[in-house]
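Written out below as structure tokens is the structure these notes cover.
The values are calculated or read from the model by the stated rules, or taken from the named source; none is laboratory data. Predicted model, so just to flag it, every value in this text is computed and none were measured. As a convention, Cβ positions derive from the backbone with ideal geometry for all residues, glycine included, and neighbour counts pool all protein chains shown. Keep in mind that these areas ignore ligands, DNA and RNA; they rest on the heavy atoms of the full protein, side chains included. Shrake-Rupley method; radii C 1.70, N 1.55, O 1.52, S 1.80 Å.
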Amino acid sequence: MRTQYLEKNILDLIRRTSTSLPTDVVNGLKRARRLEVAGSSAQWAIDAMLANAELANREDRPLCSDSGTLIFYCRVPLGLDTNALTASIRTAVTRATRCGYLRQNTVDAITGAKCSTNVGPSSPVIYYQ
């Protein structure tokens, strides 16, 4: 039961970080847009970023076609089973990829083979503290 709860929360974390820009970033883009010359290429680019952010948030889709390298920084209390946490993270990443929260962009650095679930050798990267 605890593992399912953990996986669900990690999945939600991945969804939120992949599909939503923080409010301060959106506000910064809106502020920058107001400062640009009307009809300029810069204003057009900012409009495209804001529209993409709104669509990604509304549709629960990645903000970018390359959702980046997944890196998890985990502060682990003494006695926590890091093997179980690693398994939960890998399961959540697989589910997030299947749900469309992440793009399939992980490649095995040795073989060049695509990892269709974004889980492979050394992926995702997990640091324990």
Fill in the blank from the handout: Expected output for the range 1-23 (first residue on the phi < 0 side of the Ramachandran plot and part of a helix (DSSP H, G or I), partner open to solvent by less than 80 Å² (accessible area, probe 1.4 Å) and of a type outside the set (G, A, S), Cβ below 6 Å, 6+ apart or cross-chain) is E7/T91; I10/I89; I14/Y101; R15/Y101; S18/P62; S18/Y101; S18/L102; T19/D60
Practice task
Could you check how many residues of the range 60-73 are surrounded by 13 or more Cβ atoms within 10 Å (Cβ to Cβ) and modelled with pLDDT of 95 or more?
Solution key: 1
Problem - Filter result for A32 (open to solvent by less than 70 Å² (accessible area, probe 1.4 Å), under 16 Å from the mean Cα position of the chain (by Cα) and modelled with pLDDT of 95 or more) - result: no
Exercise for the section: Please enumerate the residues belonging to the range 35-54 that are in a helix (DSSP H, G or I), among the small types (G, A, S), over 22 Å from L102 (Cβ atoms) and open to solvent by less than 60 Å² (accessible area, probe 1.4 Å). Expected result: A42, A45
Problem - Near pairs, Cβ below 7 angstrom, 6+ apart or cross-chain, from the range 25-52 (within 18 Å of C64 (Cβ to Cβ)) to any residue that is open to solvent by 60 Å² or more (accessible area, probe 1.4 Å) and outside any helix (DSSP H, G or I) - result: I46/E36
Fill in the blank from the handout: If we keep only residues of the range 95-129 that are assigned to a loop (DSSP other than H, G, I, E, B), without any contact (Cβ under 8 Å) to a residue 40 or more places away in the chain and of a type in the set (S, T, Y), then the residue farthest from Y73 (Cα to Cα) is T111
Practice task
Check N57 against each of (1) surrounded by fewer than 16 Cβ atoms within 10 Å (Cβ to Cβ); (2) assigned to a helix (DSSP H, G or I); (3) more than 13 Å from the chain's Cα centre (by Cα) and name the one condition it does not meet.
Solution key: (3)
Practice task
Just need a number here: residues in the range 15-28 that are modelled with pLDDT of 95 or more and either under 20 Å from N83 (Cα atoms) or open to solvent by less than 30 Å² (accessible area, probe 1.4 Å) (or both).
Solution key: 1
Exercise for the section: Kindly establish whether T91 is free of Cβ contacts under 8 Å to residues at least 24 places away in the same chain, outside any loop (DSSP other than H, G, I, E, B) and surrounded by 12 or more Cβ atoms within 10 Å (Cβ to Cβ). Expected result: no
Fill in the blank from the handout: P77 meets each of (1) more than 23 Å from Q129 (Cα to Cα); (2) open to solvent by 40 Å² or more (accessible area, probe 1.4 Å); (3) outside any helix (DSSP H, G or I) with one exception, condition (1)
